[in-house]
Amino acid sequence: MFSTKKSLIAVAVAATMAAGSALAMSSSSGGKATEAAAGKTDGKWASNYREIIKESGGKYLDREVMEKILGKDVNSLRAKLDPNNPYSFEVDDAIDGGPHGNSQCKVPLAFTEVRDSAEKHEKADYVAYGYGKPIAESAIKPWEIDVNGDGDGFPILPDDKYMTVEKGGNVYVQFCGMCHGEFGEGAKGYLPLAVDEDLVTSDFRDPAPMKTIGNYWPYATTIFDYVRRAMPFWSPNSPAIGDAGYYGITAYLIQANGIPLDDNGRELDDEDKATPQVVMAANKYMKNQGNFFCDHRPITHNKRCMKDCPDYLVGDGAGDIHHYREARKLPDGTLQYNVNQRLHETPPGIGHKGF
Amino acid sequence: MTDKRVEEKVALPTEESRNQSRRAFLKGTAAVAGGVLFTKAASADYDPKKAVAPYAGKKEITEPLKDGPWRHRLGFGVRRYPYGQPTPEVSYIQRRTLEWLTPDSMASITMTPLQYLHGIITPNGLHFERFHGGAPSIKAKDHRLVIHGLVERPLIFTVDDLKRFPSISRIHFIECPANGAMEWKGVQLNSVQWTHGMMSCVEYTGVRLSDLLKEAGIKLDKARWIIPEGADASGMSRSIPLEIAMDDCYVAYAQNGEPLRREQGYPIRLVVPGCEANMWVKYLRRIKVSDVPLQHREETSKYTELMPDGTAQRFSWYMEPNSVITYPSPDFKMQGPGRYVVRGLAWSGRGKVAHVDVSFDGGRNWHEAHFTSPVLDKAWTRFEIEWDWDGSEAFLMSRVTDETGYVQPTMPEMRAVEGTNNVYHRTAMVTWRVHAWNSKNKGLVENVQY
């Protein structure tokens, strides 16, 4: 159901969480609970979760309520990757088209308040007021600029209108290169588009990995949708570029990021035509696609401790309240800024280089 | 503990003694925490003599009062300012930005000066701004909203058409998911304007989205997502699951009683209560009803959260419950040992705030604050708690619990799971270190992080 990497990762995260918060963890695998019970265990969840939540007055994120429904495994990300878990945002891959389909997420079943409210509004009778005007789908076409993860919405051009990847590169250099660099390496503080860095970080002090199309983006369709929608920044959706030009830029970025088009790792040649088929081929080989999972928050289930709280909830997480970090050097080079103003020795200011 | 201190506590207003934390005091709980002394209240009977106690020993002012010149000449007439302005004395209360955050001002953000706000409503002129392609100047008469896709009959509306529908007005917070993003790896900013100012709380008026979708005849058997889109240069778009769309979203044309400002989406914007501000599409011109999400850049490349192991969370919607002490905070300086009314804001993207607890000793002991504002669904809630500062070093934190039972985590808890490269949703507690009164930086309030 899930890519191996995603599952392995979830276990690692769960282990980190156990170490960090000293919370009891038990391994849990997927599967729908068959028996109803007030307190479910054995790695499955209570099918009567709605009753349990209702009994608690709707506190579906209360630690004790979650423990009743999920057993002691409330923090396990791995369990939440199972679509059947009432706290999961995931949608079964079989429904959303597999690891390279247009993946979906959902509001978890346990968020009963949201689901009940939505259902109420869906079911309530409604008689149209007639205040709008009917409009033909054909009249909406000029505004219908979305191209989704399945490739629905691509404009289809006559065969001879598609340009080569090489020509697409020229369009890119003309319209995009001054901000993003000729090879997508970034410039002037704008983001790079084609730097391949490892996204795994072992030390929090390391600089954040650079996220680019090649190493991060899950869909190639997004390149065309976004670039045509919002770029070039100063004149988006430019007629000077046109759909053929936007395909050209998209294909050039696919090439610059080394995204393969088939199982043999074939990459785009300069002479290849920049077509929707090329984008859809690349769409299947976005290397980071399998590493996305639905938002799994809440991630921690803190206790509302009031008095003499345990060390893991105090100060640095080990009970030391003097082990803290201070603001030191800021990105603009200022050291621990504004102290004289904050001591009221000089008039109130606006902070370091704020404006 | 002296008798005088007990008497001071007794002089508290009765409305404050109604709240739960007071009840705890009345039960006789006294806690000494990190140099913070909580006094025990004895009885609630009022005695005017007790009002004298805190002033004992203070020098009496004897110089006769003088009039200001404004007492002897007329002020300005009506309509001098057809649209009123803040008094010039408070011109320092502004939304501001940090120049190193973004390379230009059209795709940038300003922060609301939370440290200077009172209550739960943000004035329209101080509402934070987040542009992805500048703020367009669209005329309402030229604007249209189209609803199409999985509907019986695609419809187009003018802004006047929308105003004819039954309306709702709600007060909600709106928060950029990057609020606090600069502080994942540690602190670098000393003002709540910088640490929490990518949010505001205003009253929106508009039309229920569920009404508009049903007006067009939404095909509920197939529809799973709505894809709203803006008319601006960024063509902002997100995919919103139908459950959220049908729950409590609406299309707003007014903010705090007046038309939306251009900065906030004039003439219309989507309101997605409790969810990332990025989903509240401004300059809304099209809503497509779909069976699949879009996979827009703002829900794949951006607004997804990178985990330490290289995986990433996508389709993040709800803003986690969060809270912050706005006074004292780094923009203020302690004025010496004594009694302080500690104030702050709490909010939750999943409903009402249930409790706010404040610690003065870095999280070892907590004291429940009381609310001084209405407690509304997915809105800022004001809290206050009295604190007798003895002048020693203190570590102030606030922790919210919302009506779903969620308890705000500590930063070490959050960092253990999410690492430091998430960018978005840094919603763990912050800590204000109050320097001891007898130290070099006496009474300085400083942002520190565990």
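The values are calculated or read from the model by the stated rules, or taken from the named source; none is laboratory data. Bear in mind that the values here come from a model prediction, so they are computed numbers and not experimental data. Here the Cβ positions follow ideal geometry from the backbone for every residue, glycine too, while neighbour counts run over all protein chains shown. Keep in mind that these areas ignore ligands, DNA and RNA; they rest on the heavy atoms of the full protein, side chains included. Shrake-Rupley method; radii C 1.70, N 1.55, O 1.52, S 1.80 Å.
What does the accessible area of B:K442 come to, in Å² to the nearest 10, when a probe of 1.4 Å is used?
90 Å²
How high is the relative contact order of region A:142-291, in percent, counting Cα pairs under 8 Å that sit 6 or more residues apart?
It comes to 30 percent, rounded to a whole number.
Taking a probe of 1.4 Å, how large is the accessible area per residue of the protein assembly as shown, in Å²?
For the protein assembly as shown, the solvent-accessible area averages 41 Å² per residue.
Pairs A:K120/B:K214; A:K133/B:K141; A:K167/B:K302; B:K163/B:K222; A:K141/B:K214; A:K106/B:K214: which exceed 18 Å Cα-Cα?
Too far apart for the 18 Å limit: A:K167/B:K302; B:K163/B:K222; A:K141/B:K214; A:K106/B:K214.
Note down the magnitude of the dipole of chain B about its Cα centre, charges +1 on Lys and Arg C-beta and -1 on Asp and Glu C-beta and zero elsewhere, to the nearest 20 debye.
With Lys and Arg at +1 and Asp and Glu at -1, about 880 debye.
Using the charge dipole of region A:76-217 (Lys, Arg: +1 at Cβ; Asp, Glu: -1 at Cβ; taken about the Cα centre), state which of A:H121, A:G181, A:T212 has its Cα farthest towards the positive end.
Going by the charge dipole, the pick is A:H121.
How much of A:K284 can a 1.4 Å solvent probe reach, expressed as accessible area in Å² and rounded to 10?
The value for A:K284 is about 120 Å².
Quote the relative contact order of region B:103-294 in percent (integer), defining contacts as alpha-carbon pairs under 8 Å separated by 6+ residues.
28 percent
Identify which of B:A178, B:A140, B:A53 has the largest mean-square fluctuation in a Gaussian network model of chain B, with springs joining Cα atoms closer than 10 Å.
B:A53
About the Cα centre, and with charges only on the beta carbon of Lys, Arg (+1) and Asp, Glu (-1), how big is the dipole of region B:178-242? Nearest 20 debye, please.
That gives region B:178-242 a dipole magnitude of about 280 debye.
Using the Karplus equation 6.51 cos²θ - 1.76 cosθ + 1.60 (θ = phi - 60°), what ³J(HN,Hα) coupling, rounded to whole Hz, does each residue of region B:164-180 give in order, writing x for Gly and Pro?
With coefficients 6.51, -1.76 and 1.60, one gets 6, 6, x, 10, 10, 10, 9, 9, 9, 7, 10, 9, 5, x, 7, 4, x Hz.
With a 1.4 Å probe and every protein chain left in place, tell me how much accessible area A:E122 has, in Å² to the nearest 10.
Taking all protein chains as shown, A:E122 has close to 60 Å².
So how far apart, in nm, are the two label points at A:V173 and B:N441 if each is 7 Å from Cα heading toward Cβ?
5.2 nm
Any idea what the dipole of the protein assembly as shown comes to, in debye rounded to 20, about its Cα centre with Lys/Arg Cβ at +1 and Asp/Glu Cβ at -1?
It comes to approximately 2500 debye.
Quick one: Debye curve from the alpha-carbon atoms of the protein assembly as shown only, equal weights, vacuum; give me log10 I(q)/I(0) at q = 0.07 Å⁻¹ to two decimals.
Each listed q maps to, in turn, -0.55.
Would you mind telling me the share, in percent, of accessible area of chain B contributed by carbon and sulfur at probe 1.4 angstrom?
Carbon and sulfur together cover 52 percent of it.
Report, ordered by chain and residue number, the aspartates and glutamates lying within cross-link reach of A:K123, taken as a straight Cα distance under 13 Å and ignoring same-chain residues fewer than 8 apart.
B:D211, B:D221, B:E243, B:D247
What ranking of A:K188, B:K302 comes out by heavy-atom accessible area, probe 1.4 Å, highest first?
A:K188, B:K302
Average partner chain C-beta neighbours within 10 Å, per residue of B:205-212?
Whole-number average of other-chain Cβ neighbours for B:205-212 is 2.
Please list B:W387, A:W217 from largest to smallest accessible area, probe radius 1.4 Å, with all protein chains kept in place.
Sorted by accessible area, descending: A:W217, B:W387.
How far apart, in nm, are the 7 Å Cα→Cβ label points at A:M280 and A:K72?
5.2 nm
Give me the orientation-averaged projected area of the Cα convex hull of chain B, in nm², one decimal.
Directional mean of the projected Cα hull area for chain B stands at 26.8 nm².
On average, how many beta carbons from a partner chain sit within 10 Å of the beta carbon of a residue in B:279-291?
Shielding by partners across B:279-291 averages 2.
Ordering B:R79, B:R297 by accessible area with a probe of 1.4 Å, largest first, what comes out?
B:R79, B:R297
Using alpha-carbon pairs under 8 Å, 6+ residues apart, how would you state the relative contact order of region B:294-450 in percent?
27 percent
For the charge dipole of the protein assembly as shown, defined by +1 on Lys and Arg C-beta atoms and -1 on Asp and Glu C-beta atoms about the Cα centroid, which residue among B:F332, A:G258, B:W380 has the Cα displaced farthest towards the positive pole?
Among B:F332, A:G258, B:W380, the one farthest towards the positive end of the dipole of the protein assembly as shown is B:F332.
Please give the calculated 222 nm ellipticity per residue for chain B, where each DSSP H segment of at least 4 residues contributes -39500 (n - 2.57) and the sum is spread over every residue; nearest 500 deg cm²/dmol?
-3000 deg cm²/dmol
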